[in-house]
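**Student:** So that we are looking at the same thing, I have put the structure below in structure tokens.
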Amino acid sequence: MNVETIEVKVLYFGAAAEIAEKREEVLNLPSGATAYTAFSHILTAYPKLKKRFENSLLLAVNQEYAFGGTKLKHADELAIIPPVSGG
């Protein structure tokens, strides 16, 4: 059985970039993957990110805020955005 894959560019912002120690990477995911599929992969790859921000990270697909069920397509861009504080 041949499973198609897609490539998704992941962008890390703020503290998420510090934890991942990179600003971007490319994930290979199965065709039909969702933002949650990618998010789960990222949290597994970066346990410190999961520990610190699991319930407060925002996701954006192609510069639009997204929910976990958002379907990803080849060459989509997924942004991982931690909470921002300031005054």
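**Student:** Condition first: of a type in the set (Phe, Trp, Tyr) and either in contact with a Lys or Arg (Cβ under 9 Å, 6 or more places away or on another chain) or not in a loop (DSSP other than H, G, I, E, B) (or both). Now tell me which residues in region 51-79 satisfy that.
**Tutor:** Step one: filter region 51-79 for residues of a type in the set (Phe, Trp, Tyr), giving 53, 65, 67.
Matches in region 51-79: PHE53, TYR65.
**Student:** Report, ordered by the first and then the second residue, all pairs with beta carbons closer than 8 Å, sequence separation of six or more or different chains, a first member in region 52-73 that is on the phi < 0 side of the Ramachandran plot and surrounded by 11 or more Cβ atoms within 10 Å (Cβ to Cβ), and a second member that is among the aliphatic types (A, V, I, L, M) and in a loop (DSSP other than H, G, I, E, B).
**Tutor:** Close Cβ pairs (under 8 Å, with a partner that is among the aliphatic types (A, V, I, L, M) and in a loop (DSSP other than H, G, I, E, B)) amount to VAL61/LEU72; LYS71/ALA33; LEU72/ALA33.
**Student:** Check region 37-50 and report whether any residue there is outside any helix (DSSP H, G or I), touching a strand residue (DSSP E or B) at 6+ places or on another chain (Cβ under 8 Å) and buried (at least 18 other Cβ atoms within 10 Å of the Cβ). Working first, answer last.
**Tutor:** To start, the set of residues in region 37-50 that are outside any helix (DSSP H, G or I) comprises 46.
Then keep just the ones that are touching a strand residue (DSSP E or B) at 6+ places or on another chain (Cβ under 8 Å); that gives none.
No: zero hits.
**Student:** Next question. Take the conditions touching a helix residue (DSSP H, G or I) at 6+ places or on another chain (Cβ under 8 Å), of a type outside the set (Lys, Arg), closer than 15 Å to PRO83 by Cα and surrounded by 14 or more Cβ atoms within 10 Å (Cβ to Cβ) and apply them to LEU27. Does it pass? Before you say what the answer is, go through the steps one by one.
**Tutor:** Details: touching a helix residue (DSSP H, G or I) at 6+ places or on another chain (Cβ under 8 Å): yes; of a type outside the set (Lys, Arg): yes; closer than 15 Å to PRO83 by Cα: no; surrounded by 14 or more Cβ atoms within 10 Å (Cβ to Cβ): yes.
No.
Every number in this text was worked out from the coordinates using simple rules, so none of it is lab data. Please read these numbers as outputs of a predicted model, since none were measured by experiment. Reconstructed Cβ throughout: ideal geometry from the backbone, glycine too, with neighbour counts over all protein chains shown.
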